[in-house]
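These notes concern the structure reproduced below.
None of the figures in this text is laboratory data; all of them are computed from the coordinates on show. All values derive from a computational prediction rather than experimental measurement. Every residue, glycine among them, receives a Cβ derived from its backbone with ideal geometry; neighbour counts consider all protein chains shown.
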Amino acid sequence: MTLTTLILYVALGAVALTALFGLGLKKVKSYPISLLQNFAGILFMVSGWVKVVDPLGTAYKMQDYFEQFELTFAETWLSFLAPLFPFLSEYASTFALIVIVFEIVLGVMLVLGFRRQWVSWLFFLLVLFFTFLTGFTFLTGYVPTDANFFDFSSWQSYDARNMRVTDCGCFGDFIKIEPRVSFLKDVFLLIPALLFLFFWNQQHQVLSSRWRLATTIVFTAFFLYYGMSNYVWNIPDFDFRPFKENTNIYEKKMAEEEATNNVKIQNVKLKEISSGKVVELSYEDYMDVYKEYPTEEYELSYDYSEPEIEPTKLSDFVVFDESGNDVANELLTREGYSFMVVADALKGEVKYETVTVPDTTFVQDTIRFPDIDSIAVVERVKDISSREESVIKANWDEQYTDRFTSIFSPVMKNALDAGHHAYVLAGKVSYDAMENFMKQNDIPGNVFEADNILLKTMVRSNPGLILLKDGEILKKWHWRQMEDFQTIKEKYIHD
């Protein structure tokens, strides 16, 4: 679904509600205001619902914003605000859930006409907050990557590659919107937001005041509970991400890579450095005359054709072994069933200490035995010294490791004993630390390294389990909802 299609559906719903409230219930005072009231309310409810099914997705997006705000403000006279953002990032999941539920409930209150003046101000402030976030995202496209946002003299022509946060997450993973479009959407919403402030008494009200209050409380309680259920003790009910069940990761990844490789240069833009004059040529024409435009005098930029398949996080599925080799395709093309334990961040304190270890140097001597006409080569100690070596001193979180030892290790061991594949994909720490975690906690199978953002996208649980067959995702589990091997075998494994 596209944003245009969604807005069309929301508009139709707003027209239907306005007709019902006006012609049926006789509650409408101003049809334009009521139409905007229903449109904004439904849009907020839809926007909130597609995020409440996956609050962690919004939390991760907020962490991206908090990180960029910290870096941005730290270099200005507002540096005293910088320490606030790591604190907010630590509680991003709670903050995200509150904002999402607030968005949904605000939409409900708008449609009902609950506390009209008060809700009008809340709507205005929330839209202003969203406009600030999407505006920051969009405007960073004008800021070179090595410059600060507030260094306005360094701003250049727009380049999407400069954006600090590439997606606002306004509709979660349900719809991906370009930052410019998202910013314009929020600017447009400021129009009804301002109208509500001035004409709040023209808004409709349905139901009695007690029922409006009761409905608001019920919606708040329900969506708080539902949002928590989608990350605290279970994975999301609805999965809008590319790593959804019944997806063959390998086939989709290969298709995306092929589409990306087929992208071609369509046009070449040549900007004369001295005058700023821009010449645009087709790629074929440019290749015929490229000698006339030396790179010392012209800056080149390219327009590419759109890929037939839009790349997703599936294209980023890269996994490294202990030698740094990418073994992603090898893992995905394994025949049979694979139990993939995903841990986007191994929790614990990892330190590297320098210790002194003995270092003995040996040399070889040749001994001749003339009586038996033979030669023997022997080793002798030449020198006994010491050398310094860096070793890991890890203190792993006990509650976290217990999830592995009591829940995942038995499943992995039984899977390996039954002839299946079982391994761990981990992130956030070094490979040496990952091996230390596996050995210290006696976890069977191998461990591989992957980007922690990729791992967060794969399953909203740390750790979580993905069951694959021939590269296809059959089932995903939150660690709190994990089933034992025998149950998994009976339900999903059919040899």
Charge-dipole axis of the chain as Lys and Arg at +1 and Asp and Glu at -1 on Cβ define it, positive-most pick from ASN234, MET412, LEU346: ASN234
Using distinct alpha-carbon pairs, which all enter the 1/r mean, Kirkwood radius of the stretch 264-304 in Å: 10.2
Normalised per residue, the volume of the convex hull around the Cα set of the chain (Å³): 290
Selection from PHE136, SER275, LEU465 lying farthest towards where the dipole of the chain points positive, charges on Cβ: PHE136
Interchain or long-range residues, amide H under 5 Å from ASP159's placed H: TYR142
q = 0.27 Å⁻¹, the stretch 47-130: log10 I(q)/I(0) [Debye, one scatterer per Cα]: -1.18
Reachable aspartates and glutamates from LYS244, criterion Cα separation under 18 angstrom, eight or more residues apart if same chain: ASP54, ASP173, GLU256, GLU310, ASP316, ASP344, ASP470, GLU472
Computed over the stretch 3-229, Cα set: Rg, Dmax in Å: 18.9, 59
Cα-centre dipole for the stretch 18-87 with unit charges at Cβ (Lys and Arg positive, Asp and Glu negative), debye to 20: 760
√(5λ) per eigenvalue of the Cα gyration tensor, the stretch 220-351, largest first, Å: 45, 22, 18
Estimated [θ] at 222 nm from DSSP helical runs (n ≥ 4, -39500 (n - 2.57)) normalised by residues in the chain, nearest 500: -14000 deg cm²/dmol
Selection of trypsin sites (Lys or Arg not before Pro), the stretch 241-286, meeting DSSP coil and at most 14 other Cβ within 10 Å: LYS244, LYS264, LYS277
Exceeding the 21 Å Cα-Cα cut-off - candidates LYS253/LYS439; LYS469/LYS489; LYS313/LYS475; LYS413/LYS476; LYS313/LYS489: LYS253/LYS439; LYS313/LYS489
Proximal lysine pairs, the stretch 3-229, alpha carbons under 23 Å, eight or more residues apart or interchain: 6
More than 15 angstrom apart: percent of Cα pairs within the stretch 288-349: 76
